[in-house]
Each structure stands twice: as C-alpha cells, then as structure tokens.
Amino acid sequence: MRYSIRLLLAAASVITIASASLMAVQSSLPKPDVLSATGGDIKIAPLNHATLQLTWNGHVILIDPTPQANYTGLTAPDIILVTDIHGDHLDPATIAKVKKATTKVVAPSAAAAKLESAIVMANGDTTTVDTVTIEAVPMYNLTRGPAAGQLFHDKGRGNGYVLTIGGKRIYIAGDTEGIPEMRALKNIDVAFIPMNLPYTMTELEAADAVKAFAPKVVYPYHYRGSDPTIFAKAVGTGKTDVRLRDWYAK
C-alpha cells in the first residue's frame, strides 16, 4: 500500500511539472490580434522586427523568420514568405529549423538562390498557395543608400506581398520607402509598414505614405531605433486604425 501511495505521489508530481512546463510555453507565446474574416478569424502575431505569423482557417503563414524571434510552441508554418536577402529577412538556417516537410517557401529570385526548392516570385506576379492568393509587389529605396549612386534596396530585387485570405487583403511592405506602388494600393485591410533609418523611411514619411492608400488597420513594424508613436500621431484618427505592438519584447 505504501509503495502504491509513493507511485501515485510520484505520478502526480510528474503531471504537475508537465502542466507547469506547458503553461510556461503557452505564456511565452505572442498574444495574437484577431481580425474577423470569411472562414474564420485571422490571427496576427508579431514575433520580432520584420518577423510575424498569420493564422487562418488552419493555415499558418510565417514571414521573414530569423534567429531573433522566439518560435517555441508555435505551429510549423504551411507557407513561409521571404521579402529580401538581408539577414533581418532571410536566414536559411532558421527556415530549415522552423519549417516542416510540406512547407512551401516563397521568395524573390535573389533570396531563392540561397534556399532549397523555393517558389520564385517577381514583382507583379500573382500565385495561389494552399488557397492563399499571393501578389508580389515592389519594395525598394527611392533615395537612401550606402553611398552616392547606390541604394540599400534596388527595385526588383525584393518583394513586398499582398495576401488575400478570408476575403481580407493584407500588405507586408518589406524594406521600402513610400514608393508610388505603395501609395497606389487599393482596398488594403491590414498593412505592415517599416520605419527605420537609414534603410527605409522616417516615421513621418511612413505616415504620409499610409495616408495615401488608407489601409483599415496599420502596424508599424521593422522600426528598431524609431518611435512608432510619432507615426501614430501623424496618421491621426481618421480612416486608419494604428496598432502599436512591442516587436522587440525579450
């Protein structure tokens, strides 16, 4: 009898430790925002800098996975989108770590050259992957670069993306200034807009570009070293809901 009691106590201890571990993992997961959509809610989880996860109707989409983000407890993605070749957007080792055998990776040709079996998209291309419509749109610098006559991001090398899921259009800008192609976008429900110098644009430049195409919701992201509250004040309280989230939580 004493032996049985000891076994029961040991089993209870193991269950308690396991439950505590599970709760720790769950509490470490980013709390997603929720957007109502056809076929189920879209869950939006900022992970780090330019890395985010979208979940909808059983589909998990991961954008620009890099080592700086925490993937503990996250479901392996069905689709990975890569915007450009720089290390804060493209890390082949991280992609290999987080993906599963059936994950489809979408990238511009310059990034796809460093990946295995990626689906290559160029600016202007549209494709459908696992019922998700993906449009590759331009992302580039207008004026900023490391030296005279050079740009940090040349037109045509990288992709921004417009995703259509659940009847919603979601724009992921990537590394870009407020280019004409951004300003001309129509019917964007959610936009992710960068703002950091010297690589993209200032908070006020980003706000000016956003007001030109008026997404319903905008997230400042890729803002290391910038103040997104300046952006929020400049956008104002008109047509666009500005959502400030901590993309650099440790």
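Grab the other residues whose beta carbon is less than 12 angstrom from that of Asp208, score K and R as +1, D and E as -1, and report the net. Mind showing how you got there, number by number?
Values: positive: Arg183, Lys211; negative: Glu177, Glu203, Glu205.
After counting each charged neighbour, the total is -1.
Among 242-248, 107-113, how do they line up from the highest to the lowest mean number of other beta-carbon atoms within 10 Å? Please report the intermediate quantities before stating the final value.
Working: 242-248: 15.6, 107-113: 19.3.
So the order, starting with the most tightly packed, is 107-113, 242-248.
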- Could you give the nm distance between label points at Ala148 and Ala76, where each point is 7 Å from its Cα heading toward the beta carbon? 5.3 nm
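For the chain, what is the percent of antiparallel DSSP beta bridges, rounded to the nearest 5? All intermediate terms of the calculation are to be shown ahead of the outcome.
Values: 30 of 48 bridges.
Looking only at bridges with both residues in the chain, the antiparallel portion is about 60 percent.
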- Item | Peptides ranked, highest mean first, by Cβ atoms within 10 Å: ranges 151-159, 199-207, 228-236 | 199-207, 151-159, 228-236
- Query: Lys97 to Asp208: extension gain in nm, 0.36 nm per residue of separation minus the Cα-Cα distance?
  - Reply: 36.1 nm
- Given Cα pairs under 8 Å that are at least 6 residues apart, what percent is the relative contact order of the range 31-242? 13 percent
- Just order 83-89, 63-69 by mean Cβ neighbour count inside 10 Å, highest at the front, would you? 63-69, 83-89
- Note on the structure: Those trypsin sites (Lys or Arg not before Pro) from the range 99-138 that are DSSP loop and have at most 14 other Cβ neighbours within 10 Å turn out to be Lys100, Lys114
- Item | Value of [θ]222 nm, deg cm²/dmol, for the chain, DSSP H segments ≥ 4, -39500 (n - 2.57) each, nearest 500 | -7000 deg cm²/dmol
- Could you work out Rg/(2.2 N^0.38 Å) for the range 31-242, with Rg from alpha carbons only? 0.95
- Task: Sum up the charges of everything whose Cβ sits under 15 Å from the Cβ of Ala93, counting Lys and Arg as +1 and Asp and Glu as -1, but leave Ala93 out.
- Result: -1
- Message: Distance between the C-alpha centers of the range 52-128 and the range 184-250? Whole Å please.
- Response: 23 Å
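Every read-out reported here was derived from the displayed coordinates using simple, explicitly stated rules and does not represent laboratory data. Every value quoted in this text rests on a predicted model; they were computed, and no experiment measured them. Neighbour counts are summed over all protein chains in view; Cβ atoms, including those assigned to glycine, are modelled from backbone coordinates with ideal geometry.
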